[in-house]
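Accompanying notes for the structure given below.
Please treat every number below as a calculation from the coordinates, not as lab data. As the structure is a computational prediction, the values presented were derived from the model and not from experiment. No Cβ is skipped: glycine too gets one built from the backbone with ideal geometry, and neighbour counts run over all protein chains shown.
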Amino acid sequence: MRKTLIATTTASLLVLAGVGSALGHGAERPSHIHAGACPAPGDVVAALENTVSVPGEAAGPESAIPVEVGTSTVEIPLDDIVAGGHAIVVHHDPEDMATYLVCGDIGGVVGEDGSLAVGLGPVGESSRFGTGVLTDNGDGTTSVVVYLANPGAVAAVVG
C-alpha cells in the first residue's frame with residue numbers, strides 16, 4: 001500500500017509519496033530546532049511535531065521515495081531563528097534521541113513569500129535526507145514543515 005500527500009505553498013506544489021505498513025507506517029520521529037550547527041548542534045530551542053508517514057491511499061509508481069512529514073508552528077520569529085545560528089534535527093525515534101537521522105543548518109535566502117527552504121543531510125550511517133520549510137507568519141511565529149525521505153526504503157518495496 002502506498003500513500004500520497006499533496007502539499008501547497010504560495011511558491012510551489014509538491015507531490016510527495018510515502019510508503020505503507022511494510023516500511024514502518026506510523027513511525028514517529030522527534031524533530032527539533034537546536035541551537036548551534038550540524039553535525040553536533042546544542043540544546044533544543046523549540047520542539048517540532050514528529051515526522052510521520054502520510055496516511056491515505058497510494059498513487060504513482062512503487063519506486064517513489066517514501067516521505068514522512070511533520071508540521072509545526074513555533075513561537076519564534078523567522079528572523080530570530082535565522083540570526084541565532086540554529087539547526088533542524090530529526091531523531092531516530094522517541095526511545096533513541098541520541099541518534100540523529102538528519103541535520104540542517106538554518107540559513108539561506110528567504111523568498112518573497114516569507115519562506116526559507118533548508119536542506120537536511122544524513123548524519124552518521126543514516127540514509128535519509130530531507131527539507132525543512134520555514135515560513136514567517138508575520139505575527140512573531142514561524143511555521144515549520146519537515147519532509148524526511150528514505151531512499152533506502154525503495155529497494156525494500158521494489159527489490
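Report the net charge of residues surrounding VAL133, where surrounding means a beta-carbon distance below 14 angstrom and charges are Lys +1, Arg +1, Asp -1, Glu -1.
Values: positive: none; negative: GLU49, ASP113, ASP136.
Its environment carries a net charge of -3.
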Exercise for the section: Tell me, rounded to the nearest percent, the portion of alpha carbon pairs in segment 24-76 spaced more than 11 Å apart. Expected result: 76 percent
Problem - Protection proxy ranking, peptides 131-140, 118-127, 54-63, average beta carbon neighbours within 10 Å, highest first - result: 131-140, 118-127, 54-63
Handout entry: Charge tally in the Cβ shell below 15 Å around LEU101, where Lys, Arg are +1 and Asp, Glu are -1, LEU101 excluded
Key = -4
Exercise for the section: Starting with the highest mean, order 86-96, 40-50 by the number of other Cβ atoms within 10 Å, averaged over the residues of each peptide. Expected result: 86-96, 40-50
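Report the percentage of all Cα-Cα pairs in segment 33-159 whose separation exceeds 26 Å, rounded to a whole percent. Don't jump to the answer; show the numbers that get you there.
On the way: 1823 of 8001 pairs.
Roughly 23 percent, rounded to a whole number.
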Handout entry: Mean separation of Cα contacts under 8 Å, 6 or more apart, over the residue count of segment 25-159: relative contact order %
Key = 26 percent
